[in-house]
Structures are given as structure tokens and as C-alpha cells.
Amino acid sequence: MKRKIILIVIVLHSLLGTAQIIYSDAFDKGIKKATTSPSITTSISNNNLRLVGNGTGSPWANTIYSFHNSGSNVNINASSNMKLYIKVKAENSPQMRIDLIDVNNYVTNLKPSSIYPSSTYQIFEIDYSKKLGYIKNDGPCSSSSCIIDPTNLKGIMIFLNPGTGAYNGTIDIEWLTLGESIETTVDYEVRYNQVGYFVDKSKTINVVSFNNFSPKNYTILNSSDDIVLSGTTTTPNYWSDSNEYVAKADVSTLNTPGVYKFKTDELEILYNVNSDVYESISEAALKYYYYNRASTAISSTYGGVYARNIGHEDTQVYVHSSAASPTRPVGTVISSPKGWYDAGDYNKYIVNSGIATYTLLAAYEHYETYYQSKSINIPEAGGVIPDILDEIKWNLDWMLTMQEPSDGGVYHKLTGLNFSSIVMPKNYSLKRYVVQKSTAAALNFAAVMAMASRIYSDYNTELPGYSTALLNAAKSAYAWAKANPAVYFTNPVDVKTGQYGDTNVAGEFQWAAVELFISTGDLQYKSDINISTIKNDIPTWQSPEPLALISIAFHKSLLSSQIDTNTAINKLISTADALKSQVASSVMNISLTSQNYVWGSNSRIANQVFLLIRAYEITNDASYLNAAYKAMDYLLGRNGTGYCYVTGYGSQPPVNSHHRISKADNVVLPIPGMLAGGPHSGQQDISACAVYPSNYKAASYLDDWCSYSTNEVAINWNAPLAYALNALQYYQDERTTLGLDENILSNQNIMIYPNPSSGIVKFKNIENINSIKIFDLKGSEVNNVKISENKSIDFGNIEEGVYFIVFDTSKGVFTKKIIKK
């Protein structure tokens with residue numbers, strides 16, 4: 001449900017006037033009416049009901065609190081208002097499931113209600129009006145389900161980490177009420193980037209309400225509670241996407257690193273300003289792929305509490321009748337291990353792997369030196385090959401197994417015939433099949449393999465023959481697609497899993513031809529490129545052709561004499577211009593338009609940030625980068641719901657992701673770093689879900705396992721998130737290290753190699769150089785390097801570490817990061 005924001009100051013009962021409090025207990029009389037499981041102790045401490053778990057609790061360890069009048073048990077009639085309010089804080093982020101109990105000992109367990117208290121006090125509202133069903137367990141109910149009696153309630157039952165138990169920590173309940181809260185509610189909220197704002201970047205905080213309101217005065221206090229800034233919000237404007245009025249506070253001038261308190265007369269929130277605010281979350285967005293690996297165990301060394309046993313080894317996969325061929329008849333057993341689970345399910349799909357893998361490869365290709373020093377704590381870490389390429393290789397290895405060697409065709413997916421139940425990978429029991437070859441699969445495969453071949457060619461010593469194998473696979477798949485240009489995939493009648501069907505693959509042909517031409521220079525691929533037909537939109541799995549424009553722009557110096565790179569670049573810039581304009585002019589200062597709230601809307605905004613970043617790289621116009629930083633706020637809390645949509649981050653992250661591993665692993669919180677699909681008004685899962693908090697498109701989001709339409713996760717959604725977070729952190733690192741102004745530009749078309757290097761570094765794709773300077777991580781200029789005819793730099797006489805090369809040219813000042821080993 002959408003949060004209600006509550007005043008911090010308690011209002012006395014006598015001042016509430018017409019407030020309909022049916023029952024309340026502020027624990028200020030020293031009366032403890034609670035019985036508990038042996039693993040939980042209860043006490044009255046500082047006028048709180050304190051629950052302490054010792055870490056040994058069973059999966060259903062609980063505390064029963066009895067309604068009372070000065071210690072004497074009473075039954076309560078709450079039929080007029082079935083709302084419970086509770087003010088609580090807790091250590092170690094427990095799940096607290098709270099059920100009402102009636103005099104028949106029936107409990108509201110048919111549709112259980114859970115809250116997730118944090119280390120600071122929060123007030124939670126739970127509405128039981130549609131949750132009165134009781135499932136027979138071992139109680140008095142004689143039928144399969146009964147209805148509890150709201151006129152005779154005797155108490156509440158609190159489960160700590162239900163189904164898991166083992167809660168270790170302290171929970172303090174300051175008060176609880178039935179009917180109404182004993183603290184005055186406020187009808188507006190503060191929406192902000194809950195992960196943090198960068199030094200010297202735009203910082204917008206919004207105040208929102210369902211009702212129009214006057215501008216709000218605010219103050220900002222530092223950690224010493226000194227007022228460091230004050231002001232008044234803008235006049236609110238109506239935002240139809242969420243049915244809210246939105247005011248803005250621009251706090252961009254506050255750039256001293258620290259944690260700050262944004263405070264109105266009624267509310268306050270804490271927010272962070274620093275130069276490394278995306279460092280942790282950018283790593284988590286990449287680490288997600290490790291947690292989603294098939295065919296391997298996740299060890300505690302690398303997975304911590306998310307360690308799990310091996311599942312889906314996929315060494316016995318059957319050829320489905322739709323995929324049968326003369327060399328592989330129906331029922332042939334093949335081996336197809338590795339890869340990433342696609343989304344909330346355990347299947348693996350080539351089409352969705354295509355855009356996800358490309359985006360991660362592009363991240364590396366565009367920011368090579370950054371990723372060479374980026375650790376994501378995976379088993380392969382520490383070798384010569386960067387961690388991100390080790391992780392991508394896990395999926396590339398699987399993709400290679402999906403190509404039939406005899407003809408080059410590519411199976412569309414590897415799947416069970418149906419989705420599995422909610423089980424861990426090791427408990428999955430369905431037979432697995434490769435299903436039908438398709439043109440879309442072959443072209444996605446060809447594009448990704450061609451791109452990967454040029455990237456992994458730098459590691460021929462570590463991976464002998466791998467780059468060649470990738471390129472040969474790409475060529476073979478493209479040839480199959482040319483010979484089979486309209487083999488469109490639909491699920492066979494006995495297959496019920498995700499379809500990823502596409503009946504227009506013209507864009508995929510363009511994308512594959514572009515990647516093959518870049519990697520080979522072969523004119524047969526050039527002849528297939530028609531830039532005028534490539535859509536300049538936001539890339540999606542159904543329409544990935546904008547990725548071709550991105551690759552053309554990045555390799556402009558290589559391609560400009562061969563194809564019309566200017567048209568490709570102009571298409572990208574026109575899209576970025578529209579996005580930049582939307583950020584500047586929209587009520588919420590976001591890049592989404594009203595038409596963008598589709599299934600997976602959060603991935604759309606991540607890809608929009610991706611394109612804004614590329615526009616900055618192409619034009620060196622900082623306004624695109626500034627728009628990207630501001631647009632990213634949306635995913636991290638400044639949006640129509642108040643959620644930070646990345647698990648494990650922010651003050652209100654998703655905690656009930658539609659992700660089988662996170663649902664079945666008996667760990668209370670989901671795997672961190674996963675991007676929720678995001679709001680849209682379709683609510684295709686409404687029959688399985690409780691009522692959504694809103695039908696308005698920007699607020700139609702439900703943090704519940706049942707909501708596969710808004711709360712599922714997916715590899716193609718996390719990839720642009722990882723790209724954008726890491727790129728934005730990269731630019732901030734560069735700016736902070738060198739103390740750069742906006743005239744210092746990072747042009748990724750400049751090639752420096754080898755990198756890392758122990759001595760001579762060469763560079764290309766840069767002309768009219770006035771000077772070259774080297775800086776260390778402290779921003780100090782390094783002089784003991786030799787520069788030879790503006791073509792190479794000798795780093796042999798300096799210590800190992802990370803350095804920046806600054807090229808001053810007639811076209812501007814450009815920087816590149818170099819690692820001296």
C-alpha cells in the first residue's frame with residue numbers, strides 16, 4: 001500500500017476530537033499483556049513493548065498480544081473500522097506478520113499482512129477489512145476456511161520472519177491502535193533520491209499530495225543539527241500520471257559531503273550528499289547476474305546469506321519436437337549449461353539475453369578502464385580478465401550451446417513446459433527442453449557474438465580461440481537468418497512459459513549487420529545496412545535496433561568512410577533531445593512521458609538514461625549528462641510511489657520481489673541490486689493480488705510476490721540500470737579526482753592500449769593535440785613520464801596505480817583512465 005506519512009509529535013487523546021479510536025495502548029502504564037515463544041522475550045521498556053529475539057526461533061515463532069483494560073482482558077468490536085496502526089522500530093530489518101485474533105481463535109491468515117520496520121520509528125497502517133478469512137490449520141474451524149468475527153477481537157499475533165524464524169534483535173513498539181492513529185496524519189509526502197545525490201550535481205526534492213497545497217517552507221540541517229539551508233518549495237503543479245500535486249525544492253547548492261535532514265513543519269527525511277553515492281549500488285546491479293547464474297552453486301564466500309546449492313545443471317536437455325532436425329531428432333539429449341535465469345522464473349531465453357548481454361558488453365566497451373578495476377566479488381575475480389567480462393562469459397558460454405552446429409540456427413529458449421512452483425533451483429524437477437529455432441533468436445545471437453568477439457579478442461592469451469569461436473558462431477547464425485528471414489516464434493501448444501515472440505525482425509537484421517561489419521569489415525554486412533530504416537527510439541527486446549545506432553556512434557572513426565554515421569548519430573541525438581526536454585519540463589522532472597508506463601517501465605527509464613549518457617559522449621554537451629543524473633532520481637525514490645525500485649537500497653526498497661530464488665530461499669530480504677519492473681496501469685495480475693494502491697499509471701505498483709506485472713525482475717531490466725549507475729559514478733569519479741569543470745570531457749572514442757600497462761601506452765582516434773598531462777588519483781600532476789611524438793606514453797618509471805591522461809586538443813579537453821601495473 002502507499003505509505004501514510006505521520007507527524008512525529010504525539011497528540012493527546014483529548015485533543016483528537018472526533019477521531020474514532022476504538023482501542024489504544026501506549027504501554028505507559030507498565031502493563032505487559034503478551035505471551036511469546038521461548039525464543040522471544042517481552043518486556044515494557046521506556047514505555048515501549050519490547051520484543052527481543054535470540055536467533056533460535058522456529059519458522060513460526062510468535063508473540064500474542066491481548067487487548068486489555070488496565071490489565072484485564074477485553075474483546076474489541078472493530079467492525080466499524082478494521083485498521084490497525086502501529087508505531088515501531090527494529091534491528092536487523094525483520095519481517096513482522098501481524099494477524100488479528102478473534103474469540104474463536106481464528107486469525108487473519110488467509111491474506112496475511114506484513115510490515116518491515118527499520119532502525120528508525122515508522123508508523124504502519126494495516127487495513128484488515130478485506131482480510132477476514134481464516135485457513136483451517138489445527139484450530140477450531142471445521143471447514144477449509146472460516147471468517148473471523150470483527151465484533152469480538154481478542155488480540156493480535158505477531159510472527160517474526162514467518163516461515164524462516166531465527167530472528168535475532170530488538171523490536172520496540174511505541175504504541176498500537178485500532179480504528180485511527182493516535183498521532184496526527186499528514187496528507188503529503190517527501191519524495192527524494194534515497195541512495196544519494198552527487199556533489200556538484202542537481203539535487204531535487206519533491207513534496208507531493210493528493211490535495212492541492214500552499215508552498216512549503218523547509219530547512220536543511222547537517223549532522224550537528226545546524227541549519228545550513230532554508231527555503232520555500234515551488235507552487236505545486238498537478239501530475240496526472242499519479243493524481244498528485246507536486247512541488248519542488250532545489251537544494252543543489254549544498255555540496256559539502258554529509259548526511260542532511262530535510263525538514264518541513266510536519267515532516268523530515270534524511271538524505272546523503274557525496275561523491276561515491278552510486279559505488280555500492282552500481283556493484284550490486286552487476287552482482288545480481290552472479291546470483292542469477294544457472295548450473296552452479298552460490299557459495300557463502302561470494303553469496304553470503306544468499307548461498308545456495310547447485311541447480312539446473314542443464315547437461316540433460318531434450319530437443320523439443322518444434323526444434324527437431326535431421327541431425328537432432330525429437331528427444332535428442334544435448335548439454336546446455338550456464339547462463340542466467342531470465343527473470344522471476346528459471347528459464348533461459350536467447351532474445352532477452354541478446355539485449356541484456358549487449359548492454360553489459362557496451363558498458364565495458366564504452367568504459368574499458370573503469371571496468372578493469374571494478375570488482376564485483378565473484379569466483380573469477382582477481383584474474384587478468386575484468387570481472388564484468390567474466391560474468392558476461394557465463395552467459396555467452398550458454399548462448400553458444402543454443403546454436404545447432406549443423407546449420408547455425410539458434411534455439412529460441414531453454415525451458416520447462418510450464419513455469420515451476422516456488423522452489424529453489426536444486427528442487428526444480430521439470431524436464432528441460434530447447435524449443436524451436438527462430439529468426440529473432442539467430443539475429444540477437446549474431447549481434448551479441450559479433451560484438452563479444454571484438455571485446456574478448458584482447459584476451460586471446462587467457463582464452464585462446466574464444467574470440468574466433470564467437471565470431472564464427474555469429475557469422476553462422478546470421479547466414480541462417482538470411483536463409484530463414486521470417487521464422488517467427490510462437491509457443492508450441494504444450495509450452496506455457498514466456499514467449500518473447502516478435503513478428504518484425506527488420507531491426508534485428510540491422511543490428512546484427514552493424515555489429516558484424518564493425519567486427520569484420522566484411523562488405524557483405526555493409527551492404528545489408530540501411531541506417532534510414534533504423535528506429536531512433538528507446539531500445540527494448542522487441543525493438544533492439546537503437547543499439548545499432550549506439551554502436552555506430554561509438555565506432556564513428558572506424559565507420560565514417562564506409563557508412564552514413566552522421567544520420568545514425570543525428571537519430572540518437574534527436575531522441576536524447578526529446579528526453580532532455582522532458583526532464584526539464586515535466587512536473588516531476590523525469591524522462592518518462594505518460595505513454596511510457598508500460599510493462600517494465602523502470603527499464604525504459606534506465607535505457608533513457610543510457611541514451612542521455614551516450615548523447616553526452618557524442619556531443620560533449622554537459623546538459624545531456626546533467627539530465628541523466630536528474631532522471632536517475634526516479635528509479636531511486638523520486639517518483640509516483642516513494643519506492644526506491646532497487647532491492648536492498650534506500651529507505652523504502654521492494655521487499656517482496658517476484659523472483660523465485662528470493663521467494664524460496666528463506667532469507668527475509670530479496671537479493672540486493674535487482675530492479676523492479678515498475679508501475680503501469682495494466683494490473684494483469686489483479687486476480688492473484690490484493691487491491692493495488694492506485695489505478696493511476698505512475699502509482700500502480702505493488703510490492704508483492706503476486707505482482708509479476710510490476711514487481712518482477714529481469715536480466716534485460718538490470719542491464720541498463722547497471723550501465724547507467726556505473727557510468728554516472730564513473731563521471732563523478734573523474735570529476736572528483738581531477739577537480740574538473742564541465743569543459744573537461746571524457747571521449748570514449750579515444751583508444752589507449754594496452755590498458756592495464758606496465759610500460760608503453762599508445763593512443764589513437766585523437767588529433768590536433770596541444771598538450772598531454774598525467775594526473776594521479778589525488779589530482780597531482782605526474783612528470784616522470786615520457787611522451788613520444790604525441791603517439792605514445794612511457795609509464796615505465798611510475799608506481800603501480802590508477803592515473804588519468806588529459807589530452808588538450810583543438811576540439812576540447814579529453815580524459816582517459818589508465819592502470820599502471
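Just so you know, all these numbers are worked out from the coordinates, no wet-lab data involved. These figures come from a predicted structure and were not determined experimentally. No Cβ is skipped: glycine too gets one built from the backbone with ideal geometry, and neighbour counts run over all protein chains shown.
Couple of notes before you dig in:
- For region 5-186, the average shadow cast by the Cα convex hull is 10.1 nm², which is a quarter of the hull's surface.
- From least to most packed, judged by other beta carbons within 10 angstrom and beginning with the fewest, 781, 368 follow the order 781, 368.
- Expressed as a fraction of 2.2 N^0.38 Å, the value expected for a compact globular protein of N residues, the C-alpha radius of gyration of region 542-675 is 1.24.
- Residue-wise HN-Hα couplings along region 87-103, as the Karplus relation 6.51 cos²θ - 1.76 cosθ + 1.60 with θ = phi - 60° gives them from phi, are 9, 8, 9, 7, 8, 6, 6, x, 8, 10, 8, 10, 10, 7, 10, 9, 5 Hz; Gly and Pro carry x.
- Highest to lowest packing among 417-430, 446-459, scored as the average C-beta count within 10 Å: 446-459, 417-430
- With a Förster radius of 25 Å applied to the C-beta separation of residue 506 and residue 570, the computed FRET efficiency comes to 0.80.
- With kT/(6 pi eta Rh) evaluated at 37 °C and eta = 0.692 mPa s, and Rh the Kirkwood radius from Cα pairs, the chain diffuses with a coefficient of 114 µm²/s according to Stokes-Einstein.
- Kirkwood hydrodynamic radius (C-alpha pairs) into Stokes-Einstein, region 327-483, 20 °C and 1.002 mPa s, D in µm²/s: 130 µm²/s
- Ellipticity estimate at 222 nm from DSSP helix runs (n ≥ 4, -39,500 (n - 2.57)) divided over the chain, nearest 500: -7500 deg cm²/dmol
- Normalising by residue count, region 89-236 has a Cα convex hull of 185 Å³ per residue.
- Sorted largest first, extent of region 152-214 alpha carbons per principal axis (Å): 52, 33, 20
- At full extension, residue 528 and residue 562 could sit 11.0 nm farther apart than now, given 0.36 nm per residue minus the alpha carbon distance.
- Over all projection directions, the Cα-based convex hull of region 188-274 averages an area of 5.4 nm².
- Karplus-based coupling profile of region 381-392, in residue order and whole Hz: 4, x, x, 5, 6, x, 3, 5, 6, 4, 5, 4, with θ = phi - 60° in 6.51 cos²θ - 1.76 cosθ + 1.60 and x standing for Gly or Pro.
- Nearby lysines by direct alpha-carbon distance to residue 786 (threshold 18 angstrom, same-chain neighbours under 8 apart not counted): 762, 764, 773, 816, 817, 820, 821
- Each other residue within a Cβ distance under 14 Å of residue 338 adds +1 if Lys or Arg and -1 if Asp or Glu, for a net charge of -3.
- For the pair region 343-374 and region 466-514, the centres of their Cα atoms are 18 angstrom apart.
- Candidate lysines - alpha carbon under 18 Å from residue 263, same-chain residues fewer than 8 apart omitted: 4, 203, 216, 248
- Charge dipole of region 5-186 about the Cα centre (unit charges at C-beta), most positive-ward option of 109, 75, 96: 109
- Debye log10 I(q)/I(0) at q = 0.16, 0.21 Å⁻¹ for region 413-464, Cα point scatterers: -0.74, -0.80
- Proxy reagent accessibility, fewest Cβ within 10 Å first, across 703, 494: 494, 703
- With Cα atoms as the point set, region 279-725 shows a radius of gyration and Dmax of 20.7, 60 Å.
- Computed Kirkwood radius, in angstrom, where 1/r is averaged over Cα pairs of region 352-405: 11.9 Å
- Overall, the chain carries a charge dipole of about 960 debye about its Cα centre when +1 sits on the Cβ of Lys and Arg and -1 on the Cβ of Asp and Glu, all other atoms neutral.
- With the convex hull of the Cα atoms taken as the outline of region 204-349, the averaged projected area works out to 15.3 nm².
- Rounded to the nearest Hz, the phi-derived 3J(HN,Hα) couplings of region 323-331 under the Karplus curve 6.51 cos²θ - 1.76 cosθ + 1.60 (θ = phi - 60°) are 10, 5, 9, x, 8, 9, x, 3, x, where x marks glycine and proline.
- By the beta-carbon count within 10 Å of each Cβ, the least crowded to most crowded order of 269, 158, fewest first, is 269, 158.
- Net length gained if the chain between residue 686 and residue 254 were fully extended (0.36 nm per residue, minus Cα distance): 151.2 nm
- Across q = 0.12, 0.25 Å⁻¹, region 750-820 modelled as identical point scatterers on its alpha-carbon atoms has Debye log10 I(q)/I(0) values of -0.26, -1.24, in the order of the q list.
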